[in-house]
1. Kindly indicate whether any position in region 40-53 is surrounded by 13 or more Cβ atoms within 10 Å (Cβ to Cβ), outside any helix (DSSP H, G or I), at pLDDT 80 or above and more than 31 Å from the chain's Cα centre (by Cα).
2. Considering every residue within region 57-69, establish whether at least one is surrounded by fewer than 18 Cβ atoms within 10 Å (Cβ to Cβ) and modelled with pLDDT of 90 or more.
3. Given Lys74, Lys4, Lys31, which one is assigned to a helix (DSSP H, G or I) and within 17 Å of Lys201 (Cα to Cα)?
4. Examine region 81-104 for a residue that is of a type outside the set (Asp, Glu), within 17 Å of the chain's Cα centre (by Cα) and farther than 30 Å from Met270 by Cα, and state whether such a residue exists.
5. Scan region 95-111 for residues that are over 15 Å from Ala155 (Cβ atoms), in contact with a Lys or Arg (Cβ under 9 Å, 6 or more places away or on another chain) and small (Gly, Ala, Ser) and report the count.
6. Here are the criteria: (1) in contact with a helix residue (DSSP H, G or I) (Cβ under 8 Å, 6 or more places away or on another chain); (2) without any contact (Cβ under 8 Å) to a residue 24 or more places away in the chain. Tell me which single one Gln34 does not satisfy.
Amino acid sequence: MAKKGVFSSRVFSKEQNEEINKKINTWTKKKLVQFIYDFGRELDKNTGTTEITEALESFDSILREKRMWRERNKEAWNCLNKWKNYRKNLLLWDAKLRMKKDGTKYLADKRGTREEFAREYAEQILKKIKKNNIAELKWKLGETAADYDWYFAIAYILKQRYNVRKPKEPSCCYKSIEEIPCSDAALKAGGLESCTKASLKRLLKVMIECETDLLSDRIDIDRVFAIRWNYKDSVYYVSKKSYKAIKSECADRVQCIEQMQKRCQKLEAMIERKINRDL
């Protein structure tokens, strides 16, 4: 019910409101948006202007652009996390290469068995992998944390010493916010259509109850953000983050992506040099 909302206006009786709400619930959001536009044009005819229609179109356009920026911001966040994980995987790759090299030498020198090597190497693995949050070692019920760390470090070494693969670099990397793509759905859908049906019902209520000569001001985007965006039942279902804040956050994330990519490339080059030295 929260997404559908309930239409109720002081202009109508309880029975009329229930009937209208029931009818609107059978409509798609696209049909409801079209009805709002048609109603706006009818109101404009009564005043001999196009102010309400223009206000609706402007608001629809800004909501659409705002949603696209929100989607870009989300994509920038996902991309940044991929690069962060890639750096962790590079560090893990480096640790495995070192583990493989040390283990091979340990066995070649006949210093002991694989299990004995794993026991000697366990402390380094815990410091290098677990403490730095490169990979997690789970806990086992019924044992102390120290005992369990020891047990799983050994098991991890035995399992992973030959599982050495270079991680795959993320395919995403954005140098500017304009490069971040939007989905086809986001590009095609109108701004008002992206709102919940409850928000559209609320907008319709405002259009019915508000004085016609004041209505275009009520649909103004700046007024909405300045006055209504903190309200739980906001008419227009807009994010609590302002338009400028979303764009600024997105730009910051793009900058972080570029910085993280450079850190990863530097780390990768260092590991490659170590590999070539050992050949």
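1. Within region 40-53, one or more residues are surrounded by 13 or more Cβ atoms within 10 Å (Cβ to Cβ), outside any helix (DSSP H, G or I), at pLDDT 80 or above and more than 31 Å from the chain's Cα centre (by Cα).
2. yes
3. Lys31
4. Scanning region 81-104, I find no residue that is of a type outside the set (Asp, Glu), within 17 Å of the chain's Cα centre (by Cα) and farther than 30 Å from Met270 by Cα, so the answer is no.
5. Result for region 95-111: 1.
6. Only one criterion in (1) in contact with a helix residue (DSSP H, G or I) (Cβ under 8 Å, 6 or more places away or on another chain); (2) without any contact (Cβ under 8 Å) to a residue 24 or more places away in the chain is unmet by Gln34, namely (1).
Residues are listed down the side, and each one gets a yes or a no for (1) closer than 22 Å to Phe35 by Cα; (2) at pLDDT 70 or above; (3) assigned to a loop (DSSP other than H, G, I, E, B); (4) touching a helix residue (DSSP H, G or I) at 6+ places or on another chain (Cβ under 9 Å):
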position: Asn132; (1), (2), (3), (4): no, no, yes, yes
position: Tyr162; (1), (2), (3), (4): no, no, yes, yes
position: Glu169; (1), (2), (3), (4): no, yes, yes, yes
position: Lys175; (1), (2), (3), (4): no, yes, yes, yes
position: Cys182; (1), (2), (3), (4): no, yes, yes, yes
position: Ser199; (1), (2), (3), (4): yes, yes, no, yes
position: Val206; (1), (2), (3), (4): yes, yes, no, yes
position: Val224; (1), (2), (3), (4): yes, no, no, yes
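The values are calculated or read from the model by the stated rules, or taken from the named source; none is laboratory data. It should be emphasised that the depicted structure is a prediction, and the values quoted were computed from it without experimental measurement. Every residue, glycine as well, gets a Cβ built from its backbone with ideal geometry; the counts of neighbours run over all protein chains shown.
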